[in-house]
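*Asks:* Can you read through this structure? Questions will come right after.
The values are calculated or read from the model by the stated rules, or taken from the named source; none is laboratory data. Remember, predicted model here, so these are calculated numbers, not experimental data. No Cβ is skipped: glycine too gets one built from the backbone with ideal geometry, and neighbour counts run over all protein chains shown. Heavy atoms of the whole protein, side chains included, go into the accessibility calculation; ligands, DNA and RNA do not. Shrake-Rupley method; radii C 1.70, N 1.55, O 1.52, S 1.80 Å.
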Amino acid sequence: MTSHDERVLSLIPYGDATTMSDLVRASGLSRPTVAGVLGRLRAAGSVEEAVVATGSLGRPAKRWRRLPQHGTFGVIALSRDAVRVRVVDGDDRNVAEREQPLDVSLDAQGALAHGHRFLRDCLTELGAPADGLSRVVLGLPCPVGGPEEHPQVRGILPDWVGIRPAERLRSLLPGTAIVVENDANLGALGELAQGAGQGGTDLVYIKLAPGVGAALILGHRLYRGAAGLAGEIGHVQINPMGQPCACGARGCLAIELNIAARHGTEWRHSLPTPAELFPAGETSDPAADRVLHRIGALLGEQLGALANVLDPERVIVSTDTMPPPAVLLDGIRDGIHRTALPVVSDLPVVPSPLGIRAELIGGIALARSGDG
Ligand SMILES: [Zn+2]
């Protein structure tokens, strides 16, 4: 498959259908090129042409839809506080999901055991064979990559040091392809498929929950970087005299965001929970608003620098709570305005409509695509 083929195919949805004009516009390719690509994809059995009645007297529009990949796909999405599993059999209409609260960072065995059991439960619910999974994606809240493509768990997931989760899952699921991916990357893929990234080609996805991670979609594809470690915006140093970070540096953005969060909530005598830190929607507490605006602005200043380099079309922000607080988004916009060139400083900053579910949707999209 050529890069043009992959690009056009990635723009064609599974459930819905899209027109040639939409594909020309979204791909940036010429109409004859897109027509050639569609001919090849149809011959390969990847897409089909559907005539959809428009409901008016005009000609019925020809639309293209992607044929469901044969197979059953699963995702185990691990966040700090829960194990979530989604299994899709054939197309997105046959779906089963499970969820279990768990301190994932302190219980690697439990997280993998729950994930494996939930996969089997979902297969049973869908009436699919127990060994029927074609590909499973494991999402982890840590960087995934480096020379051996392993999760970088030190300082983040203490109970996972020395554990090779992909090998563990392969032994539990013989014959199933296992892909390990960073959680923010899955979130970005989910937003691209069904959320605030639909129709976009160049996106920055931010996950604040309660650490900070970023993922990049460039040219409609997930950008992993040379070693798979792209997106670690939390370890941009913003205060050389700041407190030490688990990465070995000082004053990283993640550390400074934590300090900003603590600073405004010292009266609590404990670290705020994500739900306390990021209340859904509007807040009514001016002190909390100031903290959230400050957190947003610190992050936004780094996003402004990123915008100067990448010129993305939008930033999608996800927090554990839904939707992200409005004052946090305002802070991010203000930060971007301070550091981005005027021509890119009006970069739209939009809330994630999917929240944590983006990782389940993105995991299935990744499993289905065969990437990774
Ligand atoms: Zn750091």
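*Asks:* Within segment 174-205, how many residues are within 18 Å of residue 306 (Cα to Cα) and out of contact with any strand residue (DSSP E or B) (no Cβ under 7 Å at 6 or more places or on another chain)?
*Replies:* Of the residues in that region, 1 qualify.
*Asks:* Does residue 355 satisfy being within 19 Å of residue 200 (Cα to Cα) and either without any contact (Cβ under 8 Å) to a residue 40 or more places away in the chain or part of a helix (DSSP H, G or I) (or both)?
*Replies:* Spelling it out, residue 355 is indeed within 19 Å of residue 200 (Cα to Cα) and either without any contact (Cβ under 8 Å) to a residue 40 or more places away in the chain or part of a helix (DSSP H, G or I) (or both).
*Asks:* Would you confirm whether any residue within segment 87-110 is touching a residue at least 24 places away in the same chain (Cβ under 8 Å), of a type in the set (Val, Ile, Thr), buried (at least 18 other Cβ atoms within 10 Å of the Cβ) and in contact with a Gly (Cβ under 6 Å, 6 or more places away or on another chain)?
*Replies:* Taking every residue of segment 87-110 in turn, at least one turns out to be touching a residue at least 24 places away in the same chain (Cβ under 8 Å), of a type in the set (Val, Ile, Thr), buried (at least 18 other Cβ atoms within 10 Å of the Cβ) and in contact with a Gly (Cβ under 6 Å, 6 or more places away or on another chain).
*Asks:* Touching a residue at least 12 places away in the same chain (Cβ under 8 Å), assigned by TED's automatic domain parsing to the domain that holds residue 295, away from the ligand (no atom under 16 Å from the Cβ) and farther than 19 Å from residue 318 by Cβ - does that describe any residue in segment 242-252?
*Replies:* No.
*Asks:* Restricting the search to segment 166-224, which residues are among the β-branched types (Val, Ile, Thr) and in a loop (DSSP other than H, G, I, E, B)?
*Replies:* 176, 201
*Asks:* How many residues are more than 14 Å from residue 144 (Cα to Cα), open to solvent by 20 Å² or more (accessible area, probe 1.4 Å) and either assigned by TED's automatic domain parsing to the domain that holds residue 224 or not charged (D, E, K, R) (or both) when one looks only at segment 167-183?
*Replies:* 5
*Asks:* Just to verify a result, which residue in segment 227-236, among those that are modelled with pLDDT of 90 or more and either over 16 Å from residue 155 (Cβ atoms) or crowded, with 19+ Cβ neighbours inside 10 Å (or both), is farthest from the ligand (Cβ to nearest atom)?
*Replies:* Across segment 227-236, the extreme among qualifying residues is 230.
*Asks:* For segment 112-132, which positions are open to solvent by less than 50 Å² (accessible area, probe 1.4 Å), at pLDDT below 95 and farther than 13 Å from residue 98 by Cα?
*Replies:* 128, 132
*Asks:* Could you tell me which numbered condition residue 42 fails, if it satisfies all but one of (1) outside any helix (DSSP H, G or I); (2) at pLDDT 85 or above?
*Replies:* (1)
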